Amino acid sequence: MAPKQALAYDNLDSRGEGNVRRLKRDAQATISCESNLKFMRSLPDESMNLIVTSPPYNIGKAYEKRTSQEKYVEDQAACIAEAVRLLAPNGSICWQVGNHVDNGEIFPLDIMLYPLFKHHGLQLRNRIVWTFGHGLHCQRRFSGRHETILWFTKTDDYTFNLDPVRVPSKYPNKKHFKGPNKGELSSNPLGKNPSDVWDIPNVKSNHVEKTDHPCQFPIGLVERLVLALTNEGESVLDPYLGVGSSAIAALKHNRNAYGCDLDKGYIDIAWDRIHQFRAGTLRTRPMNKPVYDPDAK
Ligand SMILES: C[S@@+](CC[C@H](N)C(=O)[O-])C[C@H]1O[C@@H](n2cnc3c(N)ncnc32)[C@H](O)[C@@H]1O
């Protein structure tokens, strides 16, 4: 059987920039530069096992136009309705958001958007807190150092693989000191549940994954969701794909990647990253690498 990477090399496109060539197609990635409603409407019902994304926060970033909160929620509702249509019965939706900010007042987007998911009968399994070290230093409130991921399922019969995402136990050699299992290891040798608080560095200037995108996902964050919530060969969609971090996370673990973004520059970077990934030259931060602690001994 040909190696998996070879699948990707039949569609190279010369960009005319030195020797840099970019993939235009990939056997496992379907990526498009268009609005998510248009892209999603072209996909069949219940065809996605995981829909993971981070939408704009309506705070005036380079890639969005600030609008009223009502209009923002209406737009999110339309995208979420399509996501629910595309979700397989055993699938999951993970909506990663922070705060909308208006005149110094914060509006947590998970609180604002939660009713839109409940409207479709989805069930919340975790509200994961993603904490990170870098961001704005606020003067009139505490600096924000976390965002959240709302993880919803469509039914009670959902995929959840804990073993591939276990993290090292704090005391792996601890043993039961009494009872029938006395002397045996008390913790799971594969490690422990990573919990619903994830300390993963956000992608700022010195991060190995940094591109021109101002708010990209760390690939390791999406990898944990891909491994826990899907199986090999299944499909992962990001309707606000940016520079393709979710697609890379999916491809890394032999899942099919789907995604779109309105910005051609970001989609070009996404294809470049896929090309580098297939060529084995894409640098990524390992999924469970501990956060650097200058005080650690
Ligand atoms: C927070 S960023 C997502 C970044 C992404 N997680 C990554 O790792 O690169 C939101 C993205 O949504 C895109 N976007 C905004 N409105 C869109 C729409 N209606 N359809 C598709 N993409 C859209 C923006 O261009 C932006 O790249």
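Data overview
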| read-out | value |
| --- | --- |
| Enumerated helices (runs of 4 or more DSSP H) restricted to segment 178-289, each holding at least 3 residues that are more than 16 Å from the ligand (Cβ to nearest atom) and at pLDDT 95 or above | 219-229 |
| Complete set of residues in segment 177-203 that are of a type in the set (Asp, Glu) and closer than 21 Å to PHE160 by Cα | ASP196, ASP199 |
| Which listed residue is exposed (fewer than 15 other Cβ atoms within 10 Å of the Cβ) and aliphatic (A, V, I, L, M), from ILE93, ILE80, ILE106, ILE51 | ILE106 |
| Residues of segment 45-60 classified as under 25 Å from ALA29 (Cβ atoms) and out of contact with any strand residue (DSSP E or B) (no Cβ under 6 Å at 6 or more places or on another chain), total | 4 |
| Residue list for segment 197-227, filter: farther than 19 Å from PRO55 by Cβ and among the hydroxyl-bearing types (Ser, Thr, Tyr) | SER205 |
| Given (1) surrounded by fewer than 14 Cβ atoms within 10 Å (Cβ to Cβ); (2) of a type in the set (Asp, Glu); (3) touching a helix residue (DSSP H, G or I) at 6+ places or on another chain (Cβ under 9 Å), number of the condition ASP157 does not satisfy | (3) |
| When residues of segment 26-37 are limited to those that are outside any strand (DSSP E or B) and either without any contact (Cβ under 8 Å) to a residue 24 or more places away in the chain or away from the ligand (no atom under 14 Å from the Cβ) (or both), the one surrounded by the most Cβ atoms within 10 Å (Cβ to Cβ) | GLN28 |
| Pair list, Cβ under 7 Å, 6 or more apart: segment 269-295 residue free of Cβ contacts under 8 Å to residues at least 12 places away in the same chain, other residue in a loop (DSSP other than H, G, I, E, B) and of a type outside the set (Ser, Thr, Tyr) | GLN276/LEU282 |
| Complete set of residues in segment 1-14 that are part of a strand (DSSP E or B) and either modelled with pLDDT of 95 or more or surrounded by fewer than 13 Cβ atoms within 10 Å (Cβ to Cβ) (or both) | ASP13, SER14 |
| Of residues in segment 275-294 being of a type in the set (Val, Ile, Thr) and within 19 Å of the chain's Cα centre (by Cα), the one farthest from ASP26 (Cα to Cα) | VAL291 |
| Spans of strands (runs of 3 or more DSSP E) in segment 51-132 with at least 1 residues within 14 Å of the ligand (Cβ to nearest atom) and more than 28 Å from ASN193 (Cβ to Cβ) | 99-102 |
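Table: residues versus (1) of a type outside the set (A, V, I, L, M); (2) over 23 Å from PRO108 (Cβ atoms); (3) in contact with a Gly (Cβ under 7 Å, 6 or more places away or on another chain).
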| site | (1), (2), (3) |
| --- | --- |
| ARG140 | yes, no, yes |
| GLY144 | yes, no, yes |
| LEU150 | no, no, no |
| ASP163 | yes, yes, no |
| PHE177 | yes, yes, no |
| TRP198 | yes, no, no |
| LYS204 | yes, no, no |
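The values are calculated or read from the model by the stated rules, or taken from the named source; none is laboratory data. Fair warning: this is a prediction, and the values are worked out from it, not measured in the lab. No Cβ is skipped: glycine too gets one built from the backbone with ideal geometry, and neighbour counts run over all protein chains shown.
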